[in-house]
Amino acid sequence: MQFLRSIVGIIILTGLILMPQYISAQLKGNEKLVIVIDPGHGGKDAGAIGVNEIQEKEVVLKLALHLQKLNLIVFQNKFEIYLTRYSDTLISLSDRSKIARSLKADRFISLHCNHSPFINARGIEIYVSRRNSINLNESTYLAYQIEKSVTQRTGIKSRGVKFSDFQVLRETIDSTPSLLIEMGFLSNPVEAGYLSDPRNLKELSLAILSVIK
């Protein structure tokens, strides 16, 4: 009987250990999660330009600052959130990755907006590195959870979780779970208008932080 109990205990413990959220909790204990938010582009690199002339670099920086603010106001400073840029400056891709590694980030999230020659293209896309890594499963799990949260809270269409070789993902995946989020298409009039409204950026921020919480 004692032998059977031991076997059952091992099975249960193994199941828990394989759960990504359990891994994170055991690694960090009661410490705050360190999250590095990477607002894409900046400075002379405007990124995508919307049909309403809104610039990607401005949208993603505002969204990143909303994430910081909501962490303090709504989540009682539950996380330590750092940005790769706090103003309209251009940071190299390699430096963005270095920031995440030097801060020993528990999560790395790069924020972007999409663009297409087809005006009807719309929806959120979340990218995970295609490289095999110890953090790949947790990155993928987090990507699907954020996709679900954003679509349910905002009604934005999902174009799915995808795998890519973006430099910031390639250079961070071995040190931390990392994602790149395309928040919507600035070439689409509806989504460009949506992303121009600070109230909607706040809702997007809540959708992201509530999953990480």
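Numerical summary
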quantity: Residue list for the range 92-114, restricted to those being surrounded by 15 or more Cβ atoms within 10 Å (Cβ to Cβ), out of contact with any helix residue (DSSP H, G or I) (no Cβ under 8 Å at 6 or more places or on another chain) and within 19 Å of residue 48 (Cα to Cα); calculated: 114
quantity: Evaluation of residue 72 against (1) hydrophobic (A, V, I, L, M, F, W, C); (2) buried (at least 16 other Cβ atoms within 10 Å of the Cβ); (3) part of a helix (DSSP H, G or I); (4) without any contact (Cβ under 8 Å) to a residue 60 or more places away in the chain (one fails), failing number; calculated: (2)
quantity: Within the range 127-151, considering residues that are among the aromatic types (Phe, Trp, Tyr) and in contact with a helix residue (DSSP H, G or I) (Cβ under 7 Å, 6 or more places away or on another chain), the one surrounded by the most Cβ atoms within 10 Å (Cβ to Cβ); calculated: 127
quantity: Verdict on residue 212 being among the hydrophobic types (A, V, I, L, M, F, W, C), crowded, with 17+ Cβ neighbours inside 10 Å and closer than 25 Å to residue 131 by Cα; calculated: yes
quantity: Positions within the range 14-50 being over 21 Å from residue 70 (Cβ atoms), part of a loop (DSSP other than H, G, I, E, B), modelled with pLDDT of 95 or more and of a type outside the set (Lys, Arg), in sequence order; calculated: 41, 43, 46, 47, 48, 50
quantity: Residue tally, condition of a type in the set (A, V, I, L, M) and more than 21 Å from residue 104 (Cβ to Cβ), over the range 144-172; calculated: 4
quantity: Breaking point among (1) out of contact with any helix residue (DSSP H, G or I) (no Cβ under 7 Å at 6 or more places or on another chain); (2) in contact (Cβ under 8 Å) with a residue 60 or more places away in the chain, for residue 208; calculated: (1)
quantity: Every residue from the range 75-88 that is out of contact with any Lys or Arg (no Cβ under 9 Å at 6 or more places or on another chain) and either crowded, with 24+ Cβ neighbours inside 10 Å or not in a loop (DSSP other than H, G, I, E, B) (or both); calculated: 81, 82, 83
quantity: Long-range neighbours under 6 Å by Cβ, at least six apart or interchain, first residue at positive phi and surrounded by fewer than 23 Cβ atoms within 10 Å (Cβ to Cβ) within the range 177-203, second modelled with pLDDT of 95 or more and not in a loop (DSSP other than H, G, I, E, B); calculated: none
quantity: Residues of the range 127-171 satisfying the condition of being touching a residue at least 24 places away in the same chain (Cβ under 8 Å), in a helix (DSSP H, G or I) and among the aromatic types (Phe, Trp, Tyr); calculated: 141
quantity: Flag for residue 187 being outside any strand (DSSP E or B), over 15 Å from the mean Cα position of the chain (by Cα) and polar (S, T, N, Q); calculated: yes
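The values are calculated or read from the model by the stated rules, or taken from the named source; none is laboratory data. Every value quoted in this text rests on a predicted model; they were computed, and no experiment measured them. Cβ atoms come from the backbone with ideal geometry, glycine included; neighbour counts cover every protein chain shown.
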